[in-house]
Each structure stands twice: as structure tokens, then as C-alpha cells.
There are 2 protein chains.
Amino acid sequence: MIEDGAVKAGSLLAGLPAAPLAKEITDVLADAREVRIERIVSTGQVTPEGEWYDQETDEWVLVVAGAARLRIESETADRDLAPGDWVLLPAHCRHRVTWTQSEPPTVWLAVHFADRSSAR
Amino acid sequence: MIEDGAVKAGSLLAGLPAAPLAKEITDVLADAREVRIERIVSTGQVTPEGEWYDQETDEWVLVVAGAARLRIESETADRDLAPGDWVLLPAHCRHRVTWTQSEPPTVWLAVHFADRSSAR
């Protein structure tokens with residue numbers, strides 16, 4: 001990430017690991033009171049068997065590169081995610097990552113935000 | 001965009017126009033009190049000559065596909081943006097888009113958010 005003057009900038013595709021990682025890498029790209037934007041790099045990591053993410057905030061998640069499978073507890077099958085695919089996970093929508101491509105790595109963009117419109 | 005049950009999902013790369021558009025297309029993917037996530041498809045559109053965007057909110061913007069050039073008023077040259085490149089534009093950071101690739105179209109992801117951390 002480069003910061004020159006007031007402007008932060010970078011590439012989601014820069015600095016990717018050449019080999020599988022022991023654990024995922026999360027970089028916070030923007031952090032405000034109501035929103036946090038992260039890049040997450042996965043190389044095969046999944047949610048541990050039997051565990052579910054159950055988050056206090058909404059999450060908008062995008063696969064930027066690589067591939068992944070996502071299971072939503074209320075659904076009967078995994079969702080296959082390819083580059084460009086996004087999912088809006090409401091708070092407390094229990095979900096788990098069941099597979100991520102290792103090589104080349106899987107790059108996620110995650111936008112966490114606290115307040116949802118009452119119109120939705 | 002597909003909405004089944006509580007979960008909205010889609011692909012940033014689906015439904016792209018085959019030919020240049022008369023104007024940009026903006027799809028709102030998520031809309032909450034403090035954050036709005038949009039896909040914007042450009043096919044050569046630029047900010048009109050002499051005009052600058054001067055926004056009340058911060059904007060985190062990513063080039064997903066295609067290519068673009070962005071000028072920030074306080075800088076001396078355009079920034080070239082390729083897929084994966086992102087820029088965090090603080091509120092009132094005057095900027096303009098000086099070029100977008102037309103074919104294949106340029107796909108942007110824009111995250112607008114109202115409140116910045118005092119830590120930044």
C-alpha cells in the first residue's frame with residue numbers, strides 16, 4: 001500500500017504469496033467508524049469443521065481472484081464463487097468457507113458495515 | 001443480481017454491455033445508512049472537461065476489469081489504474097476520471113462511506 005499525501009492506494013493483486021500460507025493474511029485497506037474494508041488472501045484455508053461465522057455486522061464479500069466455496073447454513077448446498085462473484089451476508093447469517101483455491105491464491109475483498117437501511 | 005431468501009448475490013462481471021454505452025451504468029449492490037456499494041460500468045466515459053468530483057463522503061474505488069486514468073487535483077499527473085488497483089479518496093479530495101477503456105468495458109467497484117475513523 002502506498003500513501004502519498006492524503007491518498008492511500010494499492011493493488012489487490014500485489015504482494016501475493018508464491019507458496020501456500022500457514023494462515024490467511026488480512027490487510028485492512030480502509031477503516032472508518034461504520035465500515036472496514038479488507039483484503040484477505042487464502043491459500044486453501046477453510047472454516048474449521050463444525051464452526052460457523054456468526055457476525056454482528058453485515059459483510060459484502062467478493063472473490064477478486066482464485067476460487068472458493070461458501071456454505072450458508074440455511075441453504076442446502078455450497079455456493080461456488082469465481083472472480084467477480086459477490087455475496088451480501090446479513091449480520092448473523094451463519095456461514096462457513098468450505099474450500100479456497102491454494103495456487104494461485106484466492107483473494108477476497110470484504111466490506112464489513114454496521115448499519116443496514118431499514119428499507120431492505 | 002439474484003436474491004434467494006435473505007442472501008443477495010451476483011457477479012460484477014455479468015451483464016456487461018457488448019457495445020459502448022451512451023452513459024455509464026450504476027448498479028447499487030448494497031445500501032445501508034453509512035455505506036453504499038456500487039458497480040459502475042464505463043465504456044469511454046470521463047468526467048466532463050474542467051469539472052471535478054468533490055464528494056461529501058469518502059470513496060474507496062477499485063478497478064475490477066478494464067482500465068482507467070484518474071486525476072487527483074493536488075497531484076501533477078494522472079494515475080493509471082489496472083484491474084486490482086484501488087484508491088481511497090477522502091471526502092472533498094477533488095478528482096476526475098480522465099479516461100476509461102471502452103471495449104471490453106471498464107468495471108468499477110465503489111464503496112461510499114460517511115464516517116472516517118479519527119485514527120487516520
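Bear in mind these aren't lab numbers, they're just calculated from the coordinates by the rules spelled out. Fair warning: this is a prediction, and the values are worked out from it, not measured in the lab. Neighbour counts are summed over all protein chains in view; Cβ atoms, including those assigned to glycine, are modelled from backbone coordinates with ideal geometry.
Looking at the range A:1-51, the GluC sites (Glu not before Pro) that sit in a DSSP loop and have at most 12 other Cβ atoms within 10 Å of their own Cβ are A:Glu49, A:Glu51.
For the range B:78-106, the residues whose amide N sits under 17 Å from a probe point set 7 Å from the Cα of B:Glu49 along the beta carbon direction are B:96-100.
Rounded, prolate or oblate: which fits chain A, taking a ≥ b ≥ c as square roots of the Cα gyration tensor eigenvalues, rounded meaning a/c under 1.5, else prolate when a/b beats b/c? Cα axes put chain A in the oblate bin.
Between A:Pro83, A:Pro48, A:Thr98, the Cα set farthest toward the positive side of the dipole of chain A (charges on each charged residue's Cβ, about the Cα centre) is that of A:Pro83.
Near A:Val111, once Lys and Arg are set to +1 and Asp and Glu to -1 for all other residues with Cβ below 12 Å from its Cβ, the sum equals -4.
Near B:Asp27, within a Cβ-to-Cβ distance under 13 Å, what is the net charge of the other residues, with Lys and Arg +1 and Asp and Glu -1? Here the charged neighbours net out to 0. Ranking of B:Thr100, B:Thr47 by neighbouring Cβ atoms within 10 Å, starting from the fewest: B:Thr47, B:Thr100.
At most 15 other Cβ atoms within 10 Å and a DSSP loop assignment: could you name the chymotrypsin sites (Phe, Trp or Tyr not before Pro) in the range B:1-110 that fit?
Details: sites: B:Trp52, B:Tyr53, B:Trp60, B:Trp86, B:Trp99, B:Trp108; in loops: B:Trp52.
Passing both the DSSP loop test and the Cβ count: B:Trp52.
The chain B residue nearest the rotation axis shared with chain A, using its Cβ and rounding the distance to whole Å, is B:Glu34, 2.
Which of the three applies to the range B:23-63, rounded, prolate or oblate, going by the alpha-carbon gyration tensor with a ≥ b ≥ c and a/c under 1.5 meaning rounded? The partial results should precede the final answer.
Numbers: a/c = 2.51, a/b = 1.36, b/c = 1.85.
The shape class here is oblate.
Applying a DSSP loop filter and a limit of 15 other Cβ atoms within 10 Å to the trypsin sites (Lys or Arg not before Pro) in the range A:1-83 leaves A:Lys23, A:Arg33. Shielding of peptide A:103-113 by partners, expressed as the average count of other chain Cβ atoms within 10 Å per residue Cβ, is 2. About its Cα centre, the dipole of the protein assembly as shown is roughly 120 debye, where the only charges are +1 on Lys and Arg Cβ and -1 on Asp and Glu Cβ.
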